[in-house]
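Input: a single structure, listed below in structure tokens.
The values are calculated or read from the model by the stated rules, or taken from the named source; none is laboratory data. Remember, predicted model here, so these are calculated numbers, not experimental data. Cβ sites come from the backbone with ideal geometry, for glycine too, and all protein chains shown count toward neighbours.
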Amino acid sequence: MSSDTTTHTSTDTSPVSQIAKWLSFLGTKQSPTRGSLIGNLARIFVIACALFFALFPVVWIISASFNPTGSMSTQTLIPKNAESVSDVLVNFRRLFDDPQIPFWRWIGNSIFVSSVTTILILIVTSLSAYAFSRFRFTGRRNVLLLIFLVQVFPSLLAMVAIYLMLVQIGKYIPPLGINTYGGLIMVYIGGGMATNIWLLKGYFDTIPRDIDESAQVDGATHIQTFWYLIFPLVRPILAVVGLLGFVGPFNDFLLARIILTDRDNWTLMVGMFSFVEGGEFSTDWGVFAAGSLIAAIPIVVLYLALQRFIVGGLTVGAVKG
């Protein structure tokens, strides 16, 4: 009898059982079979590799920003040459205090261009998507197909054409020419319209047309219907479009580098490139890393501010589906 009790109360110390218990702490179902246990370990290994490749660049940038040498060849995850707080913050001090580096001006330029682009994209694409969703007019399907085909070709193919177009436009409308924010914003709006119109139209199609018909029976115009009835319902998807419309121009380098030729007009990404191209500021990876950390702050703040709208939009979409 005592032998049976001892057998039932003894703890299983086999490796398979111990690993299965460890997996249960990670939220993985405890499996009695060795095959499924190996599968769980393989999944965890893949997730760990993905996290490593995602987080290592962030960790490296943080470490490089505190490295006083500013060299990539001698860079270590834990800076060895920093003997004081002053040494640790040398890259940030140079970024803020060096009169030859108009860092805050570059940030202001980027925020201005991105904000104006976002506002105009929201206005143009929301009204266009509402028209495509609610109205039936001649050529509607062909125009939608044309907008879809525009997305097929990479924007890199249009760089030369965009430059030549802005040169010609600048002769007649100087605020929309080369080295102007107006020209850059116009290009950003044109590049973001196709994807966002399709995205917004799909969301507008999920809203019942009975709302529009009831408003029109009461004498409301299309603009009144859109602003007072439809607009509050599409705020979640507008938050997504606004976030994409801000992040794209803010992080863009190639278009801004081609269009903006004056150093004082540079956006942040173009200005930061000067730290590593080996030109005016030679090659300084430490200052570049410090600027990258600060450049991420506006994006993080914007995402946190719009997070509840984005999550709300996903929830509404799931309920409707």
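Filtered by the rule that a residue be surrounded by 14 or more Cβ atoms within 10 Å (Cβ to Cβ) and of a type in the set (Ser, Thr, Tyr), region 217-247 gives a lone residue, 225.
Quick one: would you say residue 275 is outside the structural domain of residue 65 (by TED's automatic domain parsing), crowded, with 22+ Cβ neighbours inside 10 Å and within 20 Å of residue 104 (Cα to Cα)? Can you show your working first?
Details: outside the structural domain of residue 65 (by TED's automatic domain parsing): yes; crowded, with 22+ Cβ neighbours inside 10 Å: yes; within 20 Å of residue 104 (Cα to Cα): yes.
Yes, satisfied.
Within the set 177, 170, 190, the sole residue that is more than 16 Å from residue 260 (Cα to Cα) and assigned by TED's automatic domain parsing to the domain that holds residue 240 turns out to be 190.
A search for C-beta distances below 6 Å between a residue of region 214-233 that is of a type in the set (S, T, N, Q) and any residue that is surrounded by 13 or more Cβ atoms within 10 Å (Cβ to Cβ), counting only pairs 6+ apart in sequence or on different chains, returns 225/212; 225/215. The combined condition, being touching a residue at least 12 places away in the same chain (Cβ under 8 Å) and of a type in the set (Val, Ile, Thr), is not fulfilled by residue 173.
Can you find, within region 256-272, the residue that is nearest to the chain's Cα centre (by Cα) among those that are buried (at least 22 other Cβ atoms within 10 Å of the Cβ) and of a type in the set (A, V, I, L, M, F, W, C)? Let's see the steps before the verdict.
First, pick out the residues of region 256-272 that are buried (at least 22 other Cβ atoms within 10 Å of the Cβ): 256, 259-260, 267-268, 270-272.
Filter once more, keeping what is of a type in the set (A, V, I, L, M, F, W, C): 256, 259-260, 268, 270, 272.
On the way: 256: 17, 259: 22, 260: 22, 268: 16, 270: 18, 272: 18 Å.
Checking each candidate, the answer is 268.
Consider residue 107 carefully, then state whether it is out of contact with any strand residue (DSSP E or B) (no Cβ under 7 Å at 6 or more places or on another chain) and surrounded by fewer than 16 Cβ atoms within 10 Å (Cβ to Cβ). Answer is no for this residue.
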